[in-house]
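Accompanying notes for the structure given below.
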Amino acid sequence: MMKLYSGTSCPFSHRCRIVLFEKGMDFEILDVDTHSMPEDLAVMNPYNEVPVLVERDLTLYESNIINEYIDERFPHPQLMPADPVMRARARLMLFNFERELFVHMKTLEDGAATKKTLDAARVAVRDSLTQIAPLFAKQKFMLGEEFSMLDVAIAPLLWRLEHYGIEMTKPLVPILKYAERLFSRQAFIDSLTPNEKAMRK
Ligand SMILES: N[C@@H](CCC(=O)N[C@@H](CS)C(=O)NCC(=O)O)C(=O)O
């Protein structure tokens, strides 16, 4: 059975929990307190971070790598596009989002960041989301009408907007409606830890 070492408020671990629940197979989630990391975690992940996935002799880290593995191991419902060209485009989008948007989520999770750094990250997230917001006036999900890995990758950030102190401006309205679509999925509801439930009133 797959075992996921998961931070109870970690947005990257949250991504993997969403995929596990979307797939509906057997798995075990081991809650990790990121403020006192278990010693064996550094052995499993040289960067000493969660999430980490263990299945028999396979140990994986990095949320997107873990999620692609789960998607290939349990193909239903498929979260990466089946067509190689679309799949490559989805991977490129994940990479671009990682560099331009989720890098700021990492800053917002950093307890040691200064107010100036945090404020700059908040503005950068709001600006990136404002840029992609018009897409959701035309389509239900990031890649079109089907829920995919791109939606998984962004959902934990959208859940945390208020928690991170990101100002909700009017151009963000289509994103907020899209976010509600993601939050109403049963797998998303099941993926939430008590810490995450407490992030939104
Ligand atoms: N790029 C990694 C980021 C993982 C990450 O930043 N995890 C944080 C918790 S959210 C962590 O374990 N930090 C180590 C620490 O707090 O000591 C991924 O996508 O999995």
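Out of E62, E100, I need the residue that is modelled with pLDDT under 95, under 19 Å from A155 (Cβ atoms) and out of contact with any strand residue (DSSP E or B) (no Cβ under 6 Å at 6 or more places or on another chain). Which one?
E100
Has segment 118-136 got any residue that is surrounded by 14 or more Cβ atoms within 10 Å (Cβ to Cβ), within 15 Å of the chain's Cα centre (by Cα) and closer than 25 Å to L30 by Cα?
No, every residue in segment 118-136 fails to be surrounded by 14 or more Cβ atoms within 10 Å (Cβ to Cβ), within 15 Å of the chain's Cα centre (by Cα) and closer than 25 Å to L30 by Cα.
For (1) crowded, with 17+ Cβ neighbours inside 10 Å; (2) not assigned by TED's automatic domain parsing to the domain that holds V152, each residue gets a yes or a no:
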position	(1), (2)
F21	yes, yes
H35	no, yes
T59	no, yes
E68	yes, yes
A88	no, no
R91	no, no
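Taking interchain pairs and intrachain pairs at least six residues apart, which have beta carbon atoms under 7 angstrom, with the first residue in segment 1-17 and under 14 Å from I70 (Cβ atoms) and touching a residue at least 12 places away in the same chain (Cβ under 8 Å) and the second small (G, A, S) and assigned to a strand (DSSP E or B)?
Here the result reads S13/S6; S13/G7; C16/S6; R17/S6, each pair linking segment 1-17 to a residue that is small (G, A, S) and assigned to a strand (DSSP E or B).
Could you run through segment 171-201 and say how many residues are closer than 15 Å to R17 by Cβ and outside any helix (DSSP H, G or I)?
4
Can you find even one residue in segment 140-156 that is of a type in the set (D, E) and either in contact (Cβ under 8 Å) with a residue 12 or more places away in the chain or closer than 22 Å to G7 by Cα (or both)? Before the answer, list the steps.
Within segment 140-156, the subset of a type in the set (D, E) is 145-146, 151.
This time we only want the ones that are either in contact (Cβ under 8 Å) with a residue 12 or more places away in the chain or closer than 22 Å to G7 by Cα (or both), so: 151.
Yes, segment 140-156 has at least one match.
Take segment 153-170 and flag every residue that is assigned to a helix (DSSP H, G or I) and loosely packed, with under 14 Cβ neighbours inside 10 Å.
Once the filter is applied, which keeps residues that are assigned to a helix (DSSP H, G or I) and loosely packed, with under 14 Cβ neighbours inside 10 Å, segment 153-170 yields only K170.
Among the residues of segment 21-74 satisfying the criterion of being in contact with a helix residue (DSSP H, G or I) (Cβ under 7 Å, 6 or more places away or on another chain), farther than 21 Å from L150 by Cβ and part of a loop (DSSP other than H, G, I, E, B), which is nearest to the ligand (Cβ to nearest atom)?
Per the stated criteria, the residue is V50.
For segment 83-101, give me each residue that is within 12 Å of the ligand (Cβ to nearest atom) and either in contact (Cβ under 8 Å) with a residue 60 or more places away in the chain or among the basic types (K, R) (or both).
Selection gives R99 alone.
The values are calculated or read from the model by the stated rules, or taken from the named source; none is laboratory data. The shown structure was predicted, so the numbers you read here are calculated from the model rather than taken from an experiment. Neighbour counts run over all protein chains shown; Cβ positions are idealised from the backbone, glycine included.
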